[in-house]
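The structure appears below as structure tokens.
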Amino acid sequence: MSLSAQPPASGESFVLSASLANARHLSSLLRAVHFQDHATCFATASGLRVTVEDAKCIQANAFIQAEIFQEFAVQEESVVFRINLSVLLDCLTIFGTSSLPGTSTTLRMCYRGYGYPLMLSLEEGGVVTVCKINTQEPEELLDFDFCSTRVVNKIILQSEGLREAFAELDMTSEVLQITMSPDKPYFRLSTFGNAGSAHLDYPRDSDLMEAFHCNQTQTNRYKISLLKPSTKALALSCKVSIRTDAQGFLSLQYMIRNEDGQICFVEYYCCPDEDISEAEL
């Protein structure tokens, strides 16, 4: 990464150029998927997707729609590059993580294409800083193929309900067991920690339940160490969609409303814990 005081020349051609009136809209979403140092960025005409993976078991995606940006232009069908997410976040928050009332950090982001750095121009209070972050060859990512036709069970909860659950459940447990069923207990979260077993049930007519579409009873376990990073997105969100497919793969989609009332999404995919036998469930 390099820093300078000169913004990108307007005459240069870029395959990706974007501007934001408030860089915090981007940095807050990226922090919600920041559990590994590197991320893969995908830009299309519809917006920007930033993907982070760990151990081929969990994948997080932050979606920032083109409408969130004041300017968003992609000159190719898709633009893909890998970047150090830790460095990107350091640059986006170079003026601090919170601004004084009435002030914000504006952002202009440019990328000339394969082999070139991602250029950020940040301005706050008349001070301009330009960062150039080296990009890398993108790696092949997991395809969870979570299309709607493969979804077996789906519920939508107000995030408040899930935040309370994560606060109450015993996090010394190695796994979180999720039961989804068209019959009782409908939606149950279970842990098996040092203090014993704990269960938290949500009736389908709960005030926290916004939608309930369960076709069959499923019980799956997921390593809590893999799910913990998703609590960053949970803390920012107002609603969460919880989906499972026939193999027990889990999708957690968080709806996040920024300071300007605009909606963005962060989605986590997680593999079920294969070490658990059917007899243990």
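Some values worked out for this structure:
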item	result
Residues that are under 10 Å from the mean Cα position of the chain (by Cα) and over 12 Å from Leu29 (Cβ atoms), drawn from region 256-274	Tyr268, Tyr269
Pair list, Cβ under 9 Å, 6 or more apart: region 121-132 residue closer than 11 Å to Thr103 by Cβ, other residue in a strand (DSSP E or B)	Glu123/Thr106; Glu123/Leu107; Glu123/Arg108; Glu123/Thr129; Glu124/Thr106
Filter pass, Gln136 being touching a residue at least 60 places away in the same chain (Cβ under 8 Å), more than 30 Å from Thr93 (Cβ to Cβ) and more than 19 Å from the chain's Cα centre (by Cα)	no
Near pairs, Cβ below 7 angstrom, 6+ apart or cross-chain, from region 52-78 (free of Cβ contacts under 8 Å to residues at least 60 places away in the same chain) to any residue that is among the small types (Gly, Ala, Ser) and open to solvent by 30 Å² or more (accessible area, probe 1.4 Å)	Ala66/Ala45; Ala66/Ser46; Gln70/Ala21; Val74/Ala45
Residue pairs meeting the criteria (Cβ under 6 Å; at least 6 apart or on separate chains; first closer than 22 Å to Thr219 by Cα, in region 247-260; second of a type in the set (Lys, Arg))	Ser251/Arg243
Total residues in region 48-80, condition on the phi > 0 side of the Ramachandran plot and either buried (at least 21 other Cβ atoms within 10 Å of the Cβ) or modelled with pLDDT of 95 or more (or both)	0
Failed item, numbered, when Gly115 is tested on (1) part of a strand (DSSP E or B); (2) at pLDDT 90 or above; (3) more than 22 Å from the chain's Cα centre (by Cα)	(1)
Matching residues, region 217-257, being open to solvent by 40 Å² or more (accessible area, probe 1.4 Å), assigned to a strand (DSSP E or B) and touching a helix residue (DSSP H, G or I) at 6+ places or on another chain (Cβ under 7 Å)	Lys239
Checklist (1) surrounded by fewer than 17 Cβ atoms within 10 Å (Cβ to Cβ); (2) at pLDDT below 90 applied to Ser173, failing item	(1)
Pairs, first under 16 Å from Leu120 (Cα atoms) in region 81-105, second modelled with pLDDT of 90 or more and part of a helix (DSSP H, G or I), C-beta under 7 Å, six or more apart	Leu85/Leu30; Leu88/Leu30; Leu89/Ser27; Leu89/Leu30; Leu89/Arg31; Leu92/Leu26; Leu92/Ser27; Thr93/Ser27
Residue list for region 192-216, filter: surrounded by 13 or more Cβ atoms within 10 Å (Cβ to Cβ), under 24 Å from the mean Cα position of the chain (by Cα) and part of a strand (DSSP E or B)	Met209, Glu210, Phe212, His213
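The values are calculated or read from the model by the stated rules, or taken from the named source; none is laboratory data. Quick caveat, the model's predicted, so the values are computed rather than measured. Methodologically, a virtual Cβ is constructed for each residue, glycine included, from the backbone with ideal geometry; neighbour enumeration extends over all protein chains shown. Surface areas here come from the heavy atoms of the whole protein model, side chains and all, with no ligands, DNA or RNA. Shrake-Rupley method; radii C 1.70, N 1.55, O 1.52, S 1.80 Å.
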